[in-house]
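The values are calculated or read from the model by the stated rules, or taken from the named source; none is laboratory data. Worth saying up front: this structure is predicted, and the values here are computed from it rather than measured. Here the Cβ is made from the backbone with ideal geometry for all residues, glycine too, and neighbour counts use every protein chain on show. The accessibility values were calculated without ligands, DNA or RNA, using every heavy atom of the protein model including side chains. Shrake-Rupley method; radii C 1.70, N 1.55, O 1.52, S 1.80 Å.
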Amino acid sequence: MKRFLLSTAGLALTGGMAAADYNLTILHTNDFHARFEPISKFDSGCSAEDDAAGECFGGSARLVTAIADARARSNNSILVDGGDQFQGTLFYTYYKGALAAEMMNKMGYDAMTVGNHEFDDGPEVLRGFMDAVTFPVLMSNADVSAEPLLADTLAKSIVIERGGEKLGLIGLTPEDTDELASPGPNITFSDPVAAVQGEVDKLTAEGVNKIIVLSHSGYRTDQRVAAETTGVDVIVGGHSNSLLSNSVEGADGPYPTMVGSTAIVQAYAFGKFLGELNVTFDDAGNVTAATGEPIIIDAAVAKDPATEARIAEAAAPLEEIRNKVVAETTTEIIGVREECRARECAMGNLIADAMLARVKDQGIEIAIQNGGGIRSSIDAGEVTMGEVLTVLPFQNTLSTFQVTGATIVAALENGVSEHEEGAGRFPQVAGMSYTFDVSQPAGSRISDVMVGGAPIDLEKVYGVVSNNYVRNGGDGYDMFETAENAYDFGPDLADVTAEFMAANAPYQPYLDGRITAK
C-alpha cells in the first residue's frame with residue numbers, strides 16, 4: 001500500500017540526491033446537470049437582472065474563463081468530470097447530450113465517468129454523446145458486453161500522458177444505476193471496490209503508478225473505495241453533490257479528504273465551483289502533497305463572450321416555453337436536496353398534493369413522490385414554466401395503481417432505508433402521514449402510518465399515485481412493479497404541478513407535519 005508522505009519540501013531527498021517531483025493540477029467538475037446558463041443561489045434559473053447585479057453563479061461562459069485561468073496557474077494540468085452532465089434543464093430536454101458534448105469539447109476535458117443520469121434516456125443517447133466528444137468516457141463497475149451500443153465503446157479505464165508521465169484514469173458509476181436510471185436490460189452493475197482494484201492491478205502491471213478514479217458514487221462510497229483498495233492516489237467524486245472545502249462554513253468535509261494515502265475531492269454541483277487540486281508525486285508514484293480548494297464561479301469570474309453568445313443562441317428555441325408565467329407564490333418554495341431527501345419539504349408537499357388533486361376522483365387516496373425527483377427551489381413571486389421544469393425536469397408522467405397497505409409500508413421502509421446517504425428515494429407524500437426512526441435498522445424504521453386520518457390497514461387495497469419512474473421500480477421501489485391496475489401514461493408531472501399552483505394562486509408553501517422524524 002502506498003505511504004502518504006507529509007512533506008513540506010518540494011523535493012523528496014534520496015541519498016543526498018534530489019529526485020524529480022511530478023506536479024499535477026487536477027481541475028474537476030461534477031453533477032453539472034445542463035446548467036449552461038448562470039444559476040441563482042437556489043441552483044435554479046437566474047434572471048438577466050440578477051445576473052447583471054452580480055447575484056448569480058456558474059454558467060458555461062464563466063466556466064470557460066475559470067478553466068483557462070486555472071490552466072494558466074499550472075504548467076501541468078488535466079480537466080475531468082465526475083458524471084451527471086445530463087438532465088436538469090430545458091437544454092437537456094431539447095438537445096439531449098449534444099450541447100453538453102459541444103461545451104465539454106470546447107473546454108478541453110480529458111475524461112469523464114458515466115453518471116446515473118447519463119442513462120436517463122437509455123444507452124442510445126449516451127452512445128450519441130460518446131460519439132460526439134473528443135475525450136474518453138469511462139465506467140469500470142459494469143458489464144456492457146451484452147449491450148451492442150456500448151460494448152466496444154465504453155472503456156473501464158484509460159492511460160493518458162501528461163507532462164511526460166503516464167496517468168491511469170478509472171471510471172465508476174453508482175452500483176444501483178439500474179434502479180436510478182434507464183440503462184436497459186443488457187447492462188449489469190457491480191461493486192465499486194472490486195472493479196477499481198481490478199483496474200488498478202491492470203494499470204500497475206502496465207507500469208502506471210499514478211492512478212485517478214473518476215467516481216460518480218457519492219462521498220461515502222468514495223471513502224469506502226479509498227479504504228478498501230490499494231494503489232489509488234486520487235478520487236474525483238460526484239453524485240452526492242458534496243462541497244468539500246477548507247474555507248466554506250458547513251462544507252461536507254475537507255478538501256481533499258484524506259483516507260490513508262488517497263485524496264478525495266468533489267466540487268458540489270451545477271457548475272457553481274471548479275475544483276482545483278494540486279498533487280505532488282515522488283518518483284515511485286507516492287503522493288507527497290495534495291492541496292487545493294474549489295473555486296467559486298461567481299460574478300467575479302468574467303464570462304467568455306463567444307461562449308455566452310453560443311448559449312444564448314442555443315436558448316432561443318426554449319424561450320417561449322420557459323418564459324410563460326404559470327403561477328405565483330407568496331414565498332420561496334424550498335426544494336433543496338438537503339430538505340427533500342431528509343424530511344417533509346414544502347416542494348414535496350406541493351408536488352404530492354398536486355398529484356393527488358389531479359386523480360382523487362379516480363379513487364386514489366395516497367400520493368408518493370421520490371425526493372430525488374425534486375431538483376431545485378422556486379423563489380417568491382411570479383413562477384415561470386422554466387422554473388417548474390427546473391424543479392421537475394425528467395418528463396415523468398403520473399402513474400396510478402393499486403397495492404395493499406402492507407406494500408405501502410414496505411415502500412416507505414425503502415424510502416427511508418438510505419436516509420443517512422441522502423438517497424433520492426426519500427418519500428414525500430400526500431393523503432397520508434408517517435413517522436420514521438433512523439436509529440432503527442433499515443426495514444424497521446416506519447411507524448404510525450395514517451391514511452385519511454385512520455391507521456393504515458395492511459390488508460386493504462389502496463389507490464396510489466406516483467410518477468412512472470417510481471412505479472416501475474426506480475429508487476428501489478420494486479414493490480410497485482407488480483401493482484394492480486397500473487397506468488403509467490398520465491399527464492406530465494411538471495404540467496400537473498404548474499396547473500395546481502395556478503388553480504391555487506397565489507400559492508402559499510407550507511408544512512403540516514405529515515412526516516415526523518423520531
| Do you know which of the residues in region 178-196 that are open to solvent by 40 Å² or more (accessible area, probe 1.4 Å) and within 18 Å of the chain's Cα centre (by Cα) is nearest to K210 (Cα to Cα)? | D178
| task | Would you check if there is a residue in region 311-324 being more than 30 Å from M258 (Cα to Cα), in a loop (DSSP other than H, G, I, E, B), in contact with an Asp or Glu (Cβ under 9 Å, 6 or more places away or on another chain) and small (G, A, S)? | result | no
| note | Every listed condition ((1) more than 16 Å from I26 (Cβ to Cβ); (2) touching a helix residue (DSSP H, G or I) at 6+ places or on another chain (Cβ under 6 Å)) holds for S77 save (1)
| remark: Within region 335-367, residues being within 18 Å of A380 (Cβ to Cβ) and out of contact with any strand residue (DSSP E or B) (no Cβ under 9 Å at 6 or more places or on another chain) number 2
| query | Can you name the residue in region 477-493 that is of a type outside the set (S, T, N, Q) and in a loop (DSSP other than H, G, I, E, B) and, of all such residues, is surrounded by the fewest Cβ atoms within 10 Å (Cβ to Cβ)? | reply | F489
| note | Taking region 158-177 and keeping residues on the phi < 0 side of the Ramachandran plot and open to solvent by 20 Å² or more (accessible area, probe 1.4 Å) leaves I158, V159, I160, E161, R162, E165, K166, E175, D176
| remark: Per the filter on region 494-518, residues part of a helix (DSSP H, G or I), of a type in the set (A, V, I, L, M) and surrounded by 20 or more Cβ atoms within 10 Å (Cβ to Cβ) are A494, V496, A498, M501
| If only one of Y507, Y462 is within 23 Å of C345 (Cα to Cα) and of a type in the set (F, W, Y), which one is it? | Y507
| task | Give the number of residues within region 455-476 that are open to solvent by 40 Å² or more (accessible area, probe 1.4 Å) and either part of a helix (DSSP H, G or I) or in contact with a helix residue (DSSP H, G or I) (Cβ under 7 Å, 6 or more places away or on another chain) (or both). | result | 6
| said: With the requirement that a residue be farther than 25 Å from A194 by Cβ, out of contact with any helix residue (DSSP H, G or I) (no Cβ under 7 Å at 6 or more places or on another chain) and surrounded by fewer than 22 Cβ atoms within 10 Å (Cβ to Cβ), what does region 110-150 give you? | reply: D110, D121, G122, E124, V125, R127, G128, D131, F135, P148
| said: Return the pair list, or none, for Cβ contacts closer than 6 Å from residues in region 309-338 that are over 21 Å from V64 (Cα atoms) to residues that are charged (D, E, K, R), at least 6 apart or on different chains. | reply: V325/E382; E328/E382; E332/D379
| said: I'm trying to understand the selection: among the residues of region 49-62, which are in contact with a helix residue (DSSP H, G or I) (Cβ under 7 Å, 6 or more places away or on another chain) and either in a helix (DSSP H, G or I) or surrounded by fewer than 22 Cβ atoms within 10 Å (Cβ to Cβ) (or both)? | reply: S60, A61
| field | Test result for S60, closer than 18 Å to F86 by Cα, among the small types (G, A, S) and modelled with pLDDT under 90 | value | no
| query | Out of all the residues in region 289-329, which are over 30 Å from M104 (Cα atoms) and open to solvent by less than 60 Å² (accessible area, probe 1.4 Å)? | reply | V326, A327, T329
| Number of positions in region 36-53 that are of a type in the set (D, E) and over 26 Å from the mean Cα position of the chain (by Cα) | 1
| Cross-chain or 6+ apart pairs with Cβ under 9 Å, region 109-123 first and closer than 17 Å to Y95 by Cβ, then of a type in the set (K, R) and surrounded by fewer than 24 Cβ atoms within 10 Å (Cβ to Cβ) | D121/K96
| message | Take the residues in region 250-260 that are at pLDDT 95 or above and either surrounded by fewer than 24 Cβ atoms within 10 Å (Cβ to Cβ) or among the polar types (S, T, N, Q) (or both); name whichever of them is farthest from S157 (Cα to Cα). | response | A251
| note | Considering region 478-498, residues that are within 14 Å of T400 (Cα to Cα) and among the hydroxyl-bearing types (S, T, Y), and then whichever is modelled with the lowest pLDDT, we arrive at Y487
| Are there any pairs, at least 6 apart or on different chains, whose C-beta atoms fall under 9 Å, with the first in region 28-45 and under 12 Å from V336 (Cβ atoms) and free of Cβ contacts under 8 Å to residues at least 60 places away in the same chain and the second open to solvent by 10 Å² or more (accessible area, probe 1.4 Å) and of a type in the set (A, V, I, L, M, F, W, C), and if so, which? | K41/F57
